[in-house]
1. Find the residue count for segment 91-128, including only residues that are touching a Gly at 6+ places or on another chain (Cβ under 6 Å) and among the β-branched types (V, I, T).
2. How many residues, within segment 1-30, are in contact with a strand residue (DSSP E or B) (Cβ under 7 Å, 6 or more places away or on another chain), hydrophobic (A, V, I, L, M, F, W, C) and within 22 Å of E110 (Cα to Cα)?
3. Quick one: would you say I148 is over 18 Å from the mean Cα position of the chain (by Cα), over 26 Å from P13 (Cβ atoms) and part of a loop (DSSP other than H, G, I, E, B)?
4. Return the residues of segment 232-247 that are more than 15 Å from the chain's Cα centre (by Cα) and of a type in the set (A, V, I, L, M, F, W, C); say none if nothing qualifies.
5. Would you please name the residue that is nearest to E381 (Cα to Cα), looking only at residues in segment 295-323 that are among the acidic types (D, E) and assigned to a loop (DSSP other than H, G, I, E, B)?
6. Out of everything in segment 235-277 that is crowded, with 22+ Cβ neighbours inside 10 Å and among the β-branched types (V, I, T), what residue ends up being nearest to P59 (Cα to Cα)?
7. Taking only pairs six or more apart or across chains, which ones have beta-carbon atoms under 9 Å, a first residue in segment 271-299 that is in contact (Cβ under 8 Å) with a residue 40 or more places away in the chain and of a type in the set (D, E, K, R), and a second residue that is surrounded by fewer than 20 Cβ atoms within 10 Å (Cβ to Cβ) and part of a helix (DSSP H, G or I)?
8. When you scan segment 62-103, how many residues do you find that are of a type in the set (S, T, N, Q) and not in a loop (DSSP other than H, G, I, E, B)?
Amino acid sequence: MSRAVIAGYARTPFHFARKGKLAAVRPDDLAAIALRGLVTRLGLEPALVEDVLMGCAYPEGEQGTNVARIATLLAGFPDTVAGATINRFCGSSMTAVHYAAGQIAIGAGEAFICAGVESMTRVPQGGFSFSPNPRFRGPNTPVAEFPIEMYVSMGQTAENVAACYGISRIDQETFALASQQKAAAAVAGGRLSAELVPVGIPDGIVDADGCPRPLTTLAGLAQLKPAFGGTVTAGAASPLTDGAAAVLICSEAFADRHHLDILARIRTAAVAGCAPEIMGMGPVPATRKALARAGLTMADIDVVELNEAFASQAVACMRELGISLERTNIDGGAIALGHPLGATGARITGKAAQILRREGKRYALATQCIGGGQGIATVLEAA
């Protein structure tokens, strides 16, 4: 069985939706920039890629019509390279990584680009034509055939987790401040520049992230009003973001043959479900399943990339899994860097591999919660 490895990672800068510098960039063009940037940096001939698997949480409008195929052609790849769009909401591009590893294992290709894109400016969260099924419980259907709050808002899930797991507002804001401080240190130390692919816009070149707030303080966070009627504020949540990311997943033999630097091997992967109303806890069952498959415990994991959809759920997951803050999101997480939904899985998987290599550690975990009540996790091992 062929072993899948991560042999490249690149992303566009991430910027605030609507008011950020990428608001005028089409998502299919943004995705193409990430694809082209990745192969250019690797010196890889695009024709060698079997398939481009692209995650997108809301594949509609400008990021619809199989955005993977469209972006592949916009990137200048030959028409012989295939493309498929994958939707598992926030876990979409990490799912792409898992699918690619499976294809490599069965001999259905040697090289895949697993990418993700989301323009939360140009395609709203929820899409253009949200139509909930009335058979699920909701505000307008308190008595329903399925007593599941399938369509509960993400903000309410964050409040639910905070209440269920005793995550106070100061817990959330302390975590959010740490994310901002880590991101600021990474920017100052030049640790993000190697992964960023510049994006040209009419006003010039966008070559840095626009979401971090390096001047954040606990006092400033304390002044923010609750966004959902409880303890969760905008300062302790990931912002609406535009961006794209890509990783190269290939067989170890392919990487060796083409003189590619292997960042990490993919050891195991898992997905799991949980109650939709506490969707932020999805990383817990997914991580436990992935670790068990790898024959590891959390004590073995040196590097953790845990998506920060909300501080409340990130803190709750860390407590449940026994994850320390010091080894988590070392260069900052989504609260500081942003969370373009379909792109985040590729970002945190590539980032985990990058940090594993940079820090000289052995095992890494990348994991996310997913709207609708799911979790996804990937365990990486040093090459």
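1. The initial filter retains those residues of segment 91-128 that are touching a Gly at 6+ places or on another chain (Cβ under 6 Å), namely 91-94, 96, 103, 116-118, 123.
Among the residues that remain, those that are also among the β-branched types (V, I, T) are: 117, 123.
The number of residues fulfilling the criteria is 2.
2. 5
3. Numbers: over 18 Å from the mean Cα position of the chain (by Cα): yes; over 26 Å from P13 (Cβ atoms): yes; part of a loop (DSSP other than H, G, I, E, B): yes.
Yes, satisfied.
4. Result: V232, A234, A236.
5. Out of the qualifying residues, it is D302.
6. Top of the filtered list is T241.
7. Qualifying pairs under 9 Å: E277/Q156.
8. 7
The values are calculated or read from the model by the stated rules, or taken from the named source; none is laboratory data. Nothing here was measured: the structure is a model prediction, and the numbers come from that model. Note that each Cβ is placed from the backbone with ideal geometry, even for glycine, and that neighbours are counted across all protein chains shown.
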